[in-house]
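To start, the structure under review is shown below, and the notes come after it.
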Amino acid sequence: MASLAERLDAVREGVADAAREANRDVADVTTIVVTKFHPASMVRELHDLGVRDFGESRHQEAQPKIAELHELEASWHFIGQLQSKKARQVATYIDVIHSVDRDSLAVALAGNSLDVFIQVNLTDDPGRGGVDPDGIHHLAEQLLAAEGVELRGLMAVAPLGREPRQAFATVRELSERLRSVAPRADALSIGMSGDYREAILEGATHLRIGTAITGNRPAPG
Ligand SMILES: *Cc1c(COP(=O)(O)O)cnc(C)c1O
């Protein structure tokens, strides 16, 4: 079985290969290692291997883990569904939220200094998280009006059963439209363990990679 260092190296190589294929500078692609369900000790190991961006998806897990690791120089990304009630707390310890999908979150986050992405739902299932593509424009306006909040771009998960390259091309088109109201919101948080090559080919600036680096996740605690 490959070690954590070997899996990280393999993904780094895969990211570099895809950037080359896309004629892009690999420095323009940030790999966030998703450490949800894994212990703080794994985050330290990854940090020793040079990782500086980490992703978490649940407030009750992220808050104590990040507090335990407060001495690490790192950026913390929140990628899970977020209730407005918890958003205020999450904003106090997180650097970037990738999963903003409701006006009530824009209100809750206002006044905090943080970067945000609008999560777009590419399925017909409202339970999947993310705003409907038709709602992006309105939500962007709310976020642009929220003090301290910097709208960076769009986040999406490629739906099961759909060619990821196609799904990411849709996000890229939505991003072009978003920039008519938010010219600086040009970042794309797309691409996970199984589809990061396709994401890079479609312009991903942020990858959220878990299992390809961490190995299988333990059951949620
Ligand atoms: C868990 C998670 C990931 C990482 O998924 P892997 O398939 O393990 O790479 C990425 N994005 C979101 C929103 C997630 O919840």
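The values are calculated or read from the model by the stated rules, or taken from the named source; none is laboratory data. Predicted model, so just to flag it, every value in this text is computed and none were measured. We place every Cβ from the backbone using ideal geometry, glycine too, and count neighbours over all the protein chains shown. What goes into the accessible areas is simple: the full protein's heavy atoms, side chains included, and nothing from ligands, DNA or RNA. Shrake-Rupley method; radii C 1.70, N 1.55, O 1.52, S 1.80 Å.
Observations on the model:
- In this simple spin-label approximation, VAL107 and THR123 carry label points 7 Å from Cα along the Cα→Cβ vector, and these lie 2.8 nm apart.
- For region 104-221, the fraction of 1.4 Å probe accessible surface lying on carbon and sulfur atoms is 46 percent.
- Using a Förster distance of 30 Å, the FRET efficiency for ARG165-ALA27 (Cβ separation, nearest 0.05): 0.85
- Accessible area of the chain divided out per residue, in Å², using a probe of 1.4 angstrom: 48 Å²
- Along region 41-57 the Karplus relation, 6.51 cos²θ - 1.76 cosθ + 1.60 evaluated at θ = phi - 60°, assigns HN-Hα couplings of 4, 5, 4, 4, 4, 5, 5, 4, 8, x, 6, 10, 10, 10, x, 10, 10 Hz to successive residues, with x for each Gly and Pro.
- Counting heavy atoms of the protein chains alone, LEU82 has an accessible area of about 10 Å² for a 1.4 Å probe.
- Added length on full extension, which subtracts the Cα-Cα distance from 0.36 nm per residue, TYR93 to ARG52: 13.2 nm
- A cut-off of 5 Å between modelled amide H atoms, ignoring neighbours fewer than 5 places along the same chain, links ILE97 with PHE78, ASP115, VAL116, PHE117.
- Gap separating the Cα centres of region 106-184 and region 2-78, nearest whole Å: 22 Å
- In order along region 204-211, the phi-based Karplus estimate (6.51 cos²θ - 1.76 cosθ + 1.60, θ = phi - 60°) of 3J(HN,Hα) comes to 3, 9, 9, 9, 10, 10, x, 3 Hz; Gly and Pro are listed as x.
- For the chain, the C-alpha radius of gyration sits at 0.97 times the compact-globule guess of 2.2 N^0.38 Å, with N the residue count.
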